[in-house]
Ligand code: ACM
């Protein structure tokens, strides 16, 4: 009996002095836990949310809506400080600037939860951490928030996730949900892949045929490329400018910048279906693409004519007027040179401009578009093919064909976003025994988790040009929101830790432990994550 009492008291002591660390993803920079008696409770009647500044309303609203949706609790918002009040969540914007502008501090005691930051974004990230401190079940009332003290800030300034809405179209309601998922993982950029061979997805008022014609295809390939036929079903959709504005506002309230991508000079079959005169073969029939993997088989390349540049400038002007993002992605990838080789106009231009060949012509094309975008005060981002033939002077490079392009760009003192396909393409299968049609490559969770965005080849000074990294979700085999969630989760969790947490704190077995609670939260939220991510 004495032994039993001794064991029990040791266990109790252990619990009091070594409270378990909460399961947070991404892992914060610094965290200590307090006593269980210092835990905070949230209940319907007493908890109030105080904001020190109206700029914090989006963060407060996010929390209030979350608590309402998943716990059916009503919290009230106040801008009047009440120091005597118990049971209050204080969001306080501090003066000055924290060493990292996205930094926040969070402390929980039985009396209050306090989140401080010098920026509204930092407060928003504190709110995301607070949400993860809540029990992942609506049954546990009142909600207990573990007593912790956290200081936290991101490792990388660019934390991105992409969505291809061309191969398959996703409604505004899902795009918003997707943005919420990024926000909950403390990501701050959403790369919206709006145009490609398989559909043009953004209304351009000056060129209405882009959506009247370019947003629709007459059928889609069946099965894994090269497929077993065509379903013959008309497919498409697009976002009106009003919808685009609504999505931009929604993202801005979550401290997410949307980077629109307008593909050029390749991946333009949808454009050419609408405006064949912009192609090297205007007389040949044109269609919006119906099969994947097309880039050498169909003419999908813009003619580098004055008419094309005027068209692109008009399109980009509308796009830049819509999107407040300082960055515009202009694609630049997989532009097959065979079409310019066969085009007398293109060959003449190569001669006239003293260009070396078609690669020089691609570089000329991108430089020219960059000049226009820069003249409007914005910066271009391009896939790493924009290095070919000479990089445009101010361009940001998105390195997807491995890291080589990113390394070369960083050495040239250009900002780099790492998206190497072997680590960052979430459209690749996440388990070998995948249960639905997926791109044939394999990207298990652990490989995403262990990805290091700063290549060892770079010196510390060059490494500073690695702005961050991004996961990409190409949608050839992702035809609906449930499949998108299945491919995204839980790899998005691994990505968030790569981008946010200190390198020294990354630990896969700790991550796997913490993921268990996160998956219970996804169950609570109705997210259809892959349950087979561990079945490598
Ligand atoms: C790409 O995957 N073509 C950027």
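Each reported figure results from applying straightforward, stated rules to the coordinates on display, with no laboratory input. No experiment lies behind these values; they were computed from the predicted model shown. Heads up, the Cβs are rebuilt from the backbone with ideal geometry, glycines too, and the neighbour counts pull from every protein chain shown.
Some observations on this one:
- In region 188-320, one over the average inverse separation of all distinct C-alpha pairs is 15.6 Å, which is the Kirkwood hydrodynamic radius.
- Placing one equal scatterer on every Cα of region 222-291 and applying the Debye formula, the log10 ratio I(q)/I(0) at q = 0.18, 0.23, 0.25 Å⁻¹ is -0.94, -1.05, -1.09.
- Footprinting exposure proxy for 493, 43 (fewest neighbouring C-beta atoms within 10 Å first): 43, 493
- Contact order for region 280-354, expressed relative to its length and based on alpha carbon pairs under 8 Å spaced 6+ residues apart, stands at 44 percent.
- Angle between the chain longest axis and helix 57-71 axis [Cα atoms, degrees, rounded to 10]: 70
- Hull volume in cubic angstrom per residue (convex hull over the Cα atoms of region 54-139): 99
- Taking other Cβ atoms within 10 Å as a rough exposure proxy, 63, 190, 295 sort from fewest to most as 295, 63, 190.
- Tilt relative to the chain, helix 306-322 - C-alpha long axis, 0 to 90 degrees, to 10: 20
- The alpha carbons of region 19-169 stretch over 51, 38, 34 Å along the principal axes, in descending order.
- Translational diffusion coefficient (Stokes-Einstein; Kirkwood radius from C-alpha pairs) of region 463-508 at 10 °C, 1.306 mPa s, in µm²/s: 128
- Working note: Debye formula, equal point scatterers on the alpha-carbon atoms of region 297-444, no solvent; log10 I(q)/I(0) at q = 0.12, 0.15 Å⁻¹ is -0.60, -0.87.
- Here is the size of region 262-351 from its Cα atoms: Rg then Dmax, 13.5, 39 Å.
- Cα-based radius of gyration of region 303-364 once divided by 2.2 N^0.38 Å, which approximates compact folds: 1.31
- Principal-axis tilt of helix 508-525 within the chain, Cα atoms, nearest 10 degrees: 90
- Peptides ranked, highest mean first, by Cβ atoms within 10 Å: ranges 75-81, 404-410, 120-126: 120-126, 404-410, 75-81
- Only Cα sites of region 443-536 enter the Debye sum here, all with the same form factor; the resulting log10 I(q)/I(0) across q = 0.18, 0.19, 0.21 1/Å is -0.90, -0.97, -1.11, listed in q order.
- Sites residue 242 and residue 218, calculated FRET efficiency, Cβ-Cβ separation with R0 30 Å, nearest 0.05: 0.60
- Placing dummy labels 7 Å off each Cα toward the beta-carbon, the span from residue 144 to residue 314 is 6.5 nm.
- Equivalent ellipsoid dimensions for the chain as semi-axes, Å, which come from the Cα gyration tensor, largest first: 46, 24, 23
- Sorted from greatest to least, the principal axis extents spanned by the alpha carbons of region 280-330 come out as 36, 27, 15 Å.
- Stokes-Einstein translational diffusion, region 388-442 - Kirkwood Rh over all Cα pairs, 1.002 mPa s, 20 °C, in µm²/s: 169
- Taking the convex hull of the alpha carbon positions in region 172-255 and averaging its projected area over all directions gives 6.8 nm².
- When each of the peptides 179-189, 274-284 is scored by how many other beta carbons lie within 10 Å of its residues on average, the order from highest to lowest is 179-189, 274-284.
- D (Stokes-Einstein, µm²/s), Kirkwood Cα radius, region 19-99, 1.002 mPa s at 20 °C: 145
- As a ratio to 2.2 N^0.38 Å, the alpha-carbon radius of gyration for region 98-225 is 1.50.
- Calculated [222 nm] ellipticity per residue, helices only, for the chain: -10000 deg cm²/dmol; basis is -39500 (n - 2.57) per DSSP H run with n ≥ 4, divided by all residues, nearest 500.
- Region 138-190, relative contact order [Cα under 8 Å, separation at least 6], %: 47
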